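The values are calculated or read from the model by the stated rules, or taken from the named source; none is laboratory data. Since we're looking at a predicted model, the values are computed, not measured. Backbone-built Cβ (ideal geometry, glycine too); neighbour counts: all protein chains shown. Only protein heavy atoms, including side chains, enter the accessible area calculation; ligands, DNA and RNA are left aside. Shrake-Rupley method; radii C 1.70, N 1.55, O 1.52, S 1.80 Å.
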Amino acid sequence: MTGNRKVIVMGVAGSGKSSVGAALSTRMGAPDIDGDDLHSTDDIAKMSAGIALTDDDRWPWLTRIGETLAQHPGTILIGCSALKRVYHDLIRKTAGSPVTFIHCAGSQALIAERMAKRPGHFMPTSLLDSQFAALEPPGAYEAAITLDIAMPLVDLVAKAMKQFLEDRT
């Protein structure tokens with residue numbers, strides 16, 4: 001897929017952002033960046049200690065994500081929780097171009113089950129409640145695709161690609 005599409009694969013921790021982003025990256029022939037790699041070491045230390053990030057902690061991280069989108073000349077995907085609509089606004093503003101949000105949505109029970117099976121990740125299951133409390137799914141005014149993560153990965157990717165193709169017409 002050619003073009004200059006800026007994509008954020010969003011959702012709470014454990015929702016499958018990395019898996020969906022990697023699969024879409026392969027299908028689209030575009031780079032996929034894990035937004036966790038753009039966190040500061042202080043943010044990772046806080047989360048590893050079970051301390052939820054504040055908005056003040058997140059602003060520099062979200063700005064780095066928007067800047068990364070802006071600096072890439074073609075299509076790019078970044079996995080980022082992007083929990084609040086105000087975060088989406090900052091990312092779009094910093095990116096300086098339209099951004100499509102792919103929301104990996106699922107029940108808290110399903111996501112907690114998946115997180116429990118991911119040893120060694122810095123984000124503990126104990127922070128899942130705060131993630132769901134902060135989550136504001138994309139609004140009607142946003143370019144967004146919502147994926148039900150209970151579906152198989154192949155179906156999630158097919159749905160997103162179908163939506164991308166429909167958006168081009």
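Once the Cα atoms are used to define both axes, helix 85-95 deviates from the longest principal axis of the chain by about 50 degrees. Please label the shape of region 28-85 as rounded, prolate or oblate, based on the square roots a ≥ b ≥ c of the eigenvalues of the alpha-carbon gyration tensor (a/c under 1.5 means rounded; beyond that, a/b larger than b/c means prolate, else oblate). In terms of gyration-tensor shape, prolate. Each label was represented as a point 7 Å from its Cα along the Cα-to-Cβ direction; for S107 and T63 these points are 4.1 nm apart.
The simple spin-label model puts a point 7 Å past each Cα toward its Cβ; for D129 and A45 those points are separated by 2.6 nm.
Given the peptides 78-87, 156-165, arrange them by the average over their residues of other C-beta atoms within 10 Å, most packed first. Don't skip to the end; give the middle numbers.
Numbers: 78-87: 22.9, 156-165: 16.8.
Descending packing order for the listed peptides: 78-87, 156-165.
Principal-axis analysis of the Cα atoms of the chain puts helix 17-28 at an angle of about 20° to the longest axis. Scattering from the chain was approximated by placing one identical point on each alpha carbon and applying the Debye formula without solvent; log10 I(q)/I(0) at 0.10, 0.13, 0.16, 0.18 1/Å stands at -0.34, -0.58, -0.91, -1.17.
Per residue, region 1-144 exposes an accessible area of 45 Å² to a 1.4 Å probe, with every protein chain left in place.
Could you work out the helix-only [θ] at 222 nm for the chain, with each DSSP H run of four or more residues adding -39,500 (n - 2.57) and the total divided by the number of residues, to the nearest 500 deg cm²/dmol? Roughly -14500 deg cm²/dmol at 222 nm, from the helical runs in the chain. Our summary of shape: the Cα atoms of region 1-66 have principal axis extents of 39, 22, 17 Å, ordered from largest down, in whole angstrom.
Taking a straight Cα-Cα cut-off under 18 Å and skipping sequence neighbours fewer than 8 places away in the same chain, the lysines within cross-link reach of K93 are K6, K84.
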